[in-house]
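Here is the structure we will look at.
The values are calculated or read from the model by the stated rules, or taken from the named source; none is laboratory data. From a predicted model like this one, the values you see are computed outputs, not experimental measurements. All Cβ positions, glycine included, derive from the backbone under ideal geometry; neighbour counts span all protein chains shown.
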Amino acid sequence: MENPFKNFLKKTDRSVLGVDIGTSAIKIVQLRKKKEVAVLETYGELALGPYAGLSVGQATNLPPDKLAEAITDVLRESNTSTMNAGISIPFRSSLVTLMELPPVASKKLDEMIPIEARKYIPVPISEVTLDWWVIPKEDSATDFVEDDAESEERKSKTDVLVVSIHNEVLNAYTDIVKKAALNASFFEIEMFSATRSLIDQEPSPVMIFDMGASSTKIYILDHGIIRNSHIINKGSQEITLSISKGMNLPIARAEQVKRSFGGGSLKPEEEKNISEMVSLTLDFIFSEASGVLLSYQKKYQKTISKVVLTGGGVALSGFVELAKANFQTEVVLGEPFTKVEAPAFLQDVLKATGLEFAVAVGIALRKLQEID
């Protein structure tokens, strides 16, 4: 893979990597800090299917040594120049809970949260690593509730976002980092990375719709704070498998057909058949996502002002129009690369590929914050 930035920028020790380890591909982004500006140096993507003896686009469950091998390969092919990195952890490997607790001092909260968290975590608390953030009252999404008494009761409580990750997951990722010889200073759940690159401090509630190969993630933010999250166990791979079965095609060919859908290269009858197959999967996903959206709006009496689409699965022809029809609100494609400085000649390319790099960009942006 030719590095388009090879002669454009000088590499320095102020460079960092954002590494997004997905189920079907690894994405990396290298940024450099230049006068408080994030400058894009290089980026790359590598399909994981072949490392598991599968086709490109298929979801995998690779062991640490194979993932480390794939990371090494994508770093080499992307001509990266640093090993200083942050690593994403899949949303499915974590448990995120919004807890309402009585108002207490910070020290007391530190004692209370691990005890309260046991109600939500299905394994012994000693087997997980916990982290949490108190949501400031001014950012609370509970300002407008139908029942005044309920509103007052909510206002008197402390909202805490609690995240738990099983220690076995952290140990596996630590092993990957070691085998890939990365200098990783943190792991971050992918939803925090994606929101960092896609969303600014917007006053109205926003929903992120992230469709990957094996699953679709839904995040709802209010005042920039994640208030709700949900995972749908269907993604773009379901469409590929439907095409493969319905048209009696190998998986690799079905993936190619899916990507060319709506591009005018297929026969009208083929387009019609594929459209029906696509609808079977998307109808289910949109129904689930709409349920999350409506439930949030009902609970907090607030309207979702915008839906931001991201992930490789939303690159299908006509996806934005389908999303608008289902969500009945403003729908936009995410553009994470707008938060970094890049050569003008790459703007169109970055706009097209950005859908798949939201997490990697978000990780790299956080890593840059470590540089003085």
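With respect to PRO103, is the statement that it is at pLDDT below 85 and not hydroxyl-bearing (Ser, Thr, Tyr) true?
For PRO103, the condition - at pLDDT below 85 and not hydroxyl-bearing (Ser, Thr, Tyr) - is met.
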Kindly list, by first and then second residue, each pair from a residue in the stretch 293-305 that is within 15 Å of ILE226 (Cβ to Cβ) to a residue that is in a helix (DSSP H, G or I) and among the hydroxyl-bearing types (Ser, Thr, Tyr), limited to pairs with Cβ atoms under 9 Å and residues at least 6 apart or on different chains. LYS302/TYR296; ILE304/TYR296
From LYS351, LYS367, which residue is under 18 Å from the mean Cα position of the chain (by Cα), within 30 Å of SER185 (Cα to Cα), of a type in the set (D, E, K, R) and surrounded by 19 or more Cβ atoms within 10 Å (Cβ to Cβ)? LYS367
Does THR97 satisfy being closer than 30 Å to LEU355 by Cβ and either of a type in the set (A, V, I, L, M) or part of a loop (DSSP other than H, G, I, E, B) (or both)? no
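Any idea how many residues of the stretch 302-345 are of a type outside the set (Asp, Glu), in a helix (DSSP H, G or I) and over 19 Å from the mean Cα position of the chain (by Cα)?
7
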Any residue at all in the stretch 237-250 that's under 26 Å from THR329 (Cα atoms) and hydrophobic (A, V, I, L, M, F, W, C)? yes
Filter result for GLY354 (in contact with an Asp or Glu (Cβ under 8 Å, 6 or more places away or on another chain) and not aromatic (Phe, Trp, Tyr)): yes
State yes or no: is GLY263 within 22 Å of the chain's Cα centre (by Cα) and either modelled with pLDDT under 90 or farther than 26 Å from GLY49 by Cα (or both)? no
Name the residues in the stretch 102-137 that are more than 29 Å from the chain's Cα centre (by Cα) and not in a helix (DSSP H, G or I), would you? PRO102, PRO103, VAL104, ALA105
When every residue in the stretch 49-68 that is touching a helix residue (DSSP H, G or I) at 6+ places or on another chain (Cβ under 7 Å) and part of a helix (DSSP H, G or I) is compared, the one surrounded by the most Cβ atoms within 10 Å (Cβ to Cβ) is LEU67
On the given criteria, is THR142 surrounded by 13 or more Cβ atoms within 10 Å (Cβ to Cβ), modelled with pLDDT under 85 and in contact with a strand residue (DSSP E or B) (Cβ under 9 Å, 6 or more places away or on another chain)? yes
Here is a list of conditions, (1) within 25 Å of the chain's Cα centre (by Cα); (2) surrounded by fewer than 19 Cβ atoms within 10 Å (Cβ to Cβ); (3) in a helix (DSSP H, G or I), and SER242 meets all of them except one; can you say which number that is? (2)
Say we look at the stretch 70-101 and pick out the residues that are out of contact with any strand residue (DSSP E or B) (no Cβ under 7 Å at 6 or more places or on another chain) and touching a residue at least 12 places away in the same chain (Cβ under 8 Å); which of these is surrounded by the fewest Cβ atoms within 10 Å (Cβ to Cβ)? THR72
All conditions in (1) touching a helix residue (DSSP H, G or I) at 6+ places or on another chain (Cβ under 7 Å); (2) loosely packed, with under 14 Cβ neighbours inside 10 Å are true of PHE357 except (2)
Quick check: is even one residue across the stretch 174-192 aromatic (Phe, Trp, Tyr), surrounded by 15 or more Cβ atoms within 10 Å (Cβ to Cβ), closer than 14 Å to ARG227 by Cα and modelled with pLDDT under 90? no
